[in-house]
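The values are calculated or read from the model by the stated rules, or taken from the named source; none is laboratory data. If you're wondering where the values come from, they're calculated on a predicted model, not measured in any experiment. Because the Cβ atoms are built from the backbone with ideal geometry, glycine has one as well, and the counts that use them run over all protein chains shown.
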Amino acid sequence: MKYRGLLASAAILAAAGLAGVPQSALSQDAAPDLNGFWTHGFSLGFDPPPEGGVGPVHDFKTKAQMRAMGQFVVHEGDYNNPILQPWAADVVKKAGEAAKAGHRIPTRQETCFPSGVPNYWTHPLLMQVVQTKDYVVFLHARDHQIRIVHLNKPHAANPEPSWYGDSVGHFEGDTLVVDTIGLNDKTPVDVFNTPHTAKEHVVERIRVVRGQGGAKNLEVRFTVDDPGAFTMPWTGVETYRGVGGASGAVDPVGGGDVLQEEVCAENNRAIGIPDIPIPTETSIRFR
Amino acid sequence: MKLSAALIFFAATWGASLAVSAASAAGAGSGDVSGIWWTNNYSSEIRPMGGGALPFTPAGSDAYRKNAAGLKDGTVEDAARKFCVPDGIPRILATPYPFQIFQSPGFVTIVYEQNHVFRTIPLDRPVPKDEELVAYPYYSGNSFGHWEGDTLVVVTKGFNEKTFIDASGLPHSDQLHVTERIRTTNGGKTLEDIATVEDPVMFAKPWSARFVYDLHPEVRIDTAYICGEKHRDISRVRGVPK
């Protein structure tokens, strides 16, 4: 009797210990874990799907040639890509010509505006993924850009066009599948100024994969469907490498992994383009 | 007796270790402050809870007088409103826009709709000394958190000097420390954040302000608040100029 009582006490203590943990945090066991810190260098264009098929706009140069140009790389998108409708091809062509003439069109992230989707995946520097039972949040150090994916929820009814649209997601095995609609048409999809319209619909498939030497990578594979700008749906891939933790600290503050604060408005990074206008409030309603 | 004591020890440590491992795995500590929160009241002035005068030092009083006058005549720029740079802590705690708190392994993350600012708060890490943060002078400072019962305690330090403590121009120096005690009340429907401000340059002694928010699960945070564009309707919040 005494022992049964003690064991019951043990169970009560254990239960009491667990009682303080939110259910939202406890019941995500089945989902793959995307939490962590991820990064890649400056985007030179999305990769095509490895299995072949219709891919994103790429540069006339190879990536090796682009890397050799360093920070002075000139982006010249191949406007002959069959995914482009004539007007979209013209936009890409003009952007390449302007860049070559020394009048590069700054990206949205260089002018402190949100990047949109899938352009978000072109951001260099550090990204943190925060995953709970109900959300996956992508936090980017660069200009503190944020995307929130609502898990296992329907899209908002008639979302107004916005920079990051309305993103809902679910897990399929080891993959987070994100469906995004309600995007405005103010962002290019890539670093070649490839345009899209408000009809854009993006499906992203995101998972942790093992790279060279077993390194932990985050693979972001997305399909863009936009009958306003493209002749057909197309797929692109971007790969991040895991940083921090066992791979080495990225910031000495706190002794481990944490995003540094990078405020675009005071230090925008459009190299070679001075005096870029940044978002400015013209009518301040309140302090 | 020995066996009983051993079992009691086992029971206690088993419960505790399960609690620790579950909390550690979830990164959730022992409280739950996650949710979408939105205040009902806005004021441009953050003042001590319970009333009383701000305990300015002479330097603080002088700096406040200059800031307030400059904001009024335009000689001092409010960059947080004009260019959407982060408000800093504690000013953002007075935001009339909603915000969302997420709890994940090892972190509490706060996403503020206003100026699309986020704070990632690592849990249970040693708080660095001030001199270790000299190279990291941030608008939102560097935050470090831990749980005390159901209360999330967040210490923030390592600020730049580009923000005000409130929208009226209350000043701070780079020696500002803010300690927040965040917990839910009213059965989880309300969030309370008591922020204690310490800055020996501007204030002769620490003082605390209290912020209260309601749970708004129906809201979806817009993560693209851009200066110069249309923002969410916040007319429901009392104190926002019409």
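Checking the structure you have, find out if any residue of segment B:173-196 is within 10 Å of chain A (Cβ to nearest Cβ), in contact with a helix residue (DSSP H, G or I) (Cβ under 9 Å, 6 or more places away or on another chain) and buried (at least 17 other Cβ atoms within 10 Å of the Cβ).
no
Can you pull out the residues in segment A:212-231 that are surrounded by 14 or more Cβ atoms within 10 Å (Cβ to Cβ), part of a loop (DSSP other than H, G, I, E, B) and out of contact with any helix residue (DSSP H, G or I) (no Cβ under 7 Å at 6 or more places or on another chain)?
A:226, A:228, A:231
I'd like the full set of residues that are more than 30 Å from residue B:36 (Cβ to Cβ) and touching a residue at least 60 places away in the same chain (Cβ under 8 Å), limited to segment B:67-105. I'd like the intermediate steps shown before the answer.
So in segment B:67-105, the residues more than 30 Å from residue B:36 (Cβ to Cβ) come out as B:67-77.
Result: B:67, B:68, B:70, B:71, B:76.
Could you grab me the full set of residues in segment B:192-205 that are touching a residue at least 24 places away in the same chain (Cβ under 8 Å) and over 12 Å from the mean Cα position of the chain (by Cα)?
Going through segment B:192-205, the residues touching a residue at least 24 places away in the same chain (Cβ under 8 Å) turn out to be B:193-195, B:197, B:199-205.
Result: B:199, B:200, B:201, B:202, B:203, B:204, B:205.
Residue by residue, here is whether (1) more than 27 Å from the chain's Cα centre (by Cα); (2) modelled with pLDDT of 90 or more; (3) among the aliphatic types (A, V, I, L, M) holds:
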residue: A:1; (1), (2), (3): yes, no, yes
residue: A:20; (1), (2), (3): yes, no, no
residue: A:28; (1), (2), (3): no, no, no
residue: A:34; (1), (2), (3): no, yes, yes
residue: A:50; (1), (2), (3): no, yes, no
residue: A:73; (1), (2), (3): no, no, yes
residue: A:90; (1), (2), (3): no, yes, no
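Within segment B:112-168, how many residues turn out to be surrounded by fewer than 19 Cβ atoms within 10 Å (Cβ to Cβ), touching an Asp or Glu at 6+ places or on another chain (Cβ under 7 Å) and within 8 Å of chain A (Cβ to nearest Cβ)?
Residues that pass the stated criteria total 1.
In segment A:75-97, what count of residues is obtained for those that are out of contact with any helix residue (DSSP H, G or I) (no Cβ under 8 Å at 6 or more places or on another chain), part of a loop (DSSP other than H, G, I, E, B) and loosely packed, with under 13 Cβ neighbours inside 10 Å?
Within segment A:75-97, residues that are out of contact with any helix residue (DSSP H, G or I) (no Cβ under 8 Å at 6 or more places or on another chain), part of a loop (DSSP other than H, G, I, E, B) and loosely packed, with under 13 Cβ neighbours inside 10 Å number 1.
Considering only segment B:82-98, state which residues are over 18 Å from residue B:139 (Cα atoms) and of a type in the set (Phe, Trp, Tyr). Spell out the reasoning first.
Step one: of segment B:82-98, the residues over 18 Å from residue B:139 (Cα atoms) are B:96-98.
Matches in segment B:82-98: B:97 only.
Among the candidates A:157, A:215, which residue alone is free of Cβ contacts under 8 Å to residues at least 12 places away in the same chain and among the small types (Gly, Ala, Ser)? First the steps, then the outcome.
Values: A:215 fails: free of Cβ contacts under 8 Å to residues at least 12 places away in the same chain.
Just one listed residue meets the conditions, A:157.
Is it the case that segment B:19-33 has a residue that's modelled with pLDDT of 95 or more and away from chain A (no Cβ under 14 Å)? Working first, answer last.
Taking segment B:19-33 and keeping what is modelled with pLDDT of 95 or more, we get B:32-33.
Now narrow it down to the ones that are away from chain A (no Cβ under 14 Å): none.
No - not one qualifying residue is present in segment B:19-33.
Would you call residue B:161 at pLDDT 95 or above, part of a strand (DSSP E or B) and assigned by TED's automatic domain parsing to the domain that holds residue B:102?
On the way: at pLDDT 95 or above: yes; part of a strand (DSSP E or B): no; assigned by TED's automatic domain parsing to the domain that holds residue B:102: yes.
In short, no.
So residue A:170 ticks every box in (1) within 23 Å of residue A:134 (Cα to Cα); (2) touching a residue at least 60 places away in the same chain (Cβ under 8 Å) but one. Which box is left unticked?
In the conditions (1) within 23 Å of residue A:134 (Cα to Cα); (2) touching a residue at least 60 places away in the same chain (Cβ under 8 Å), residue A:170 misses (2) alone.
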